[in-house]
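The values are calculated or read from the model by the stated rules, or taken from the named source; none is laboratory data. Everything numeric here is computed off the predicted structure, so don't read it as measured data. Here the Cβ is made from the backbone with ideal geometry for all residues, glycine too, and neighbour counts use every protein chain on show.
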Amino acid sequence: MEARLAKLKKVYDKLAAFYRLFLSFPIFGLATEQLTCLPYIRGRKVLEVGCGTGLTLLQIARQGRQVLGLDLSPGMLAQAGRRLKSKGLSISLLQGSYYNLPFPKNSFDTVVATFTLTHAPNLYPVARGIRRVLNYGGRLIIVDVGLLPGHDWKSQIINRFWKLLGDHPRDEVPILKDTSFRIIERKKLSKQGAVHLLVAENISHNIPLQQNSIGLDRIGEMPILIW
């Protein structure tokens with residue numbers, strides 16, 4: 001796992017400077033799809049895992065929410081920092097992995113994951129970790145590649161393309177149900193149905209050890225990088 005994460009970090013560090021252009025290509029152009037998560041966000045404290053260059057972070061902050069971005073790649077975080085600074089925003093950006101979220105239980109009202117969970121060969125530990133840091137009733141919003149029921153041959157071809165790139169496109173619903181999430185909504189978005197939106201709610205009561213949530217003003221106390 002460590003070797004895989006190191007490889008993924010290296011790839012996205014190299015892509016970081018060109019990532020906005022990368023997303024503008026017709027087959028990769030996923031910026032519009034990323035932002036479909038916005039109407040489904042609930043609560044004040046929001047975590048975006050795999051925040052990339054900060055496109056979604058920027059829009060979440062503009063909703064007036066307290067948002068924190070986490071990404072494996074320092075290069076991506078640097079790009080996100082520049083984007084946010086250019087808009088006059090100061091948001092905590094942390095380097096880390098969704099396999100080991102460095103937050104106590106019940107820290108967030110919503111976790112957003114756009115085009116990042118597909119990199120996980122095994123989604124079960126990731127889903128359990130996200131559920132742990134969500135408040136009871138908190139939302140996990142996924143925008144990602146993967147086939148939902150009712151797909152056609154065109155979406156199958158696109159799905160195979162994502163697999164050739166090393167991704168793991170999937171329907172996350174069975175895994176989320178197994179890890180104490182209730183599905184609120186799922187729908188096809190684009191790319192012939194090979195990109196989808198999924199909204200799930202945490203139905204597990206996480207019993208905190210000492211506190212219910214972590215204030216984002218205390219992130220600086222953690223032994224992790226702040227951008």
message: It is to be established whether one or more residues within the stretch 61-68 are modelled with pLDDT of 95 or more and either touching a Pro at 6+ places or on another chain (Cβ under 9 Å) or under 22 Å from R128 (Cα atoms) (or both).
response: yes
With respect to E185, determine if the residue is part of a strand (DSSP E or B), touching a Gly at 6+ places or on another chain (Cβ under 7 Å), on the phi < 0 side of the Ramachandran plot and modelled with pLDDT of 60 or more.
no
Next on the checklist: Being modelled with pLDDT of 95 or more and of a type in the set (S, T, Y): is that true of T110 here?
Outcome noted: yes
Screening L93, L101 for residues that are under 25 Å from E33 (Cβ atoms), surrounded by 21 or more Cβ atoms within 10 Å (Cβ to Cβ), modelled with pLDDT of 90 or more and touching a helix residue (DSSP H, G or I) at 6+ places or on another chain (Cβ under 7 Å) leaves only L93
Is at least one residue of the stretch 196-215 surrounded by fewer than 14 Cβ atoms within 10 Å (Cβ to Cβ), at pLDDT below 85 and part of a strand (DSSP E or B)?
no
Original post:
Is at least one residue of the stretch 138-152 surrounded by fewer than 21 Cβ atoms within 10 Å (Cβ to Cβ) and outside any loop (DSSP other than H, G, I, E, B)?
Top reply: no
Selection from the stretch 60-96 of residues more than 11 Å from E48 (Cα to Cα) and of a type in the set (V, I, T) yields I91
A careful count of residues in the stretch 38-55 that are within 23 Å of V126 (Cα to Cα) and either touching a Ser or Thr at 6+ places or on another chain (Cβ under 6 Å) or at pLDDT 95 or above (or both) gives 12
Picking from P169, P121, the residue that is over 17 Å from L47 (Cβ atoms), touching a residue at least 40 places away in the same chain (Cβ under 8 Å), touching a Gly at 6+ places or on another chain (Cβ under 7 Å) and outside any helix (DSSP H, G or I) would be P169
